[in-house]
C-alpha cells in the first residue's frame, strides 16, 4: 500500500476552454504537477537525482466524470499503484470538495531512465521505499 498525497489547486481562468469548463489538457498538467509535488514531498526528486536518473512518461489515461469551472477548489489525490522493474504506475483522483464530486480518474506510466544515456534503469529500492507508509519525507 502506497502513501496517498493530496495536491490542492484553484482553477484559473486560463484553464477554461470554449465550452466554459476546464480544458482536458489541464488535467494532464495537473497530473504532472501533483506527481512532482508528491515526489518533492517524500524526497523522491532528490533521490532520483542522486541516482543520476530521470522519470519520463510512457502513457497517460484519464476518465472524465464531471466538469470543473473557474474558481473551483480541486484536490488531486495521487499514489504509486505499483513498481514494475523500470516503470511505475501512478494513480490520480480529482475531487471538488465543495460538492464532493469526483471529476476524473487517471493513470500515468512513468519510466526511470539514466539521465545521460536515456537507457531504462531498474527502480532502486530506496526510491520505492519513499512512497511507503511510515515515510515522513526528506532524503
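Points worth noting:
- Added length on full extension, which subtracts the Cα-Cα distance from 0.36 nm per residue, residue 117 to residue 4: 37.5 nm
- For the pair residue 54 and residue 101, the difference between a 0.36 nm per residue extended length and the Cα-Cα distance amounts to 13.5 nm.
- Whole-angstrom Cα spans of the chain along principal axes, big to small: 43, 32, 21
- The Cα center of the range 22-70 and the Cα center of the range 78-139 differ in position by 8 Å.
- The simple Förster model, with R0 at 41 Å and r as the Cβ-Cβ distance, assigns residue 13 and residue 132 a FRET efficiency of 0.60.
- DSSP beta bridges fully contained in the range 5-129 are about 100 percent antiparallel.
- Computed from Cα positions, the angle between helix 24-42 and the longest principal axis of the chain comes to roughly 40 degrees.
- The peptide list 101-112, 48-59, put in order of mean Cβ contacts within 10 Å with the highest first, becomes 101-112, 48-59.
- Mean ellipticity per residue at 222 nm, deg cm²/dmol - from DSSP H runs of n ≥ 4 across the chain, formula -39500 (n - 2.57): -6500 deg cm²/dmol
- Highest to lowest packing among 90-98, 16-24, scored as the average C-beta count within 10 Å: 90-98, 16-24
- Packing order of peptides 64-73, 122-131, 34-43, highest average first: 34-43, 122-131, 64-73 (average count of other Cβ atoms within 10 Å over each peptide's residues).
None of the figures in this text is laboratory data; all of them are computed from the coordinates on show. As the structure is a prediction and not an experimental result, all values here were calculated from the model. In this analysis, Cβ positions are derived from the backbone assuming ideal geometry, glycine residues included, and neighbour counts consider all displayed protein chains.
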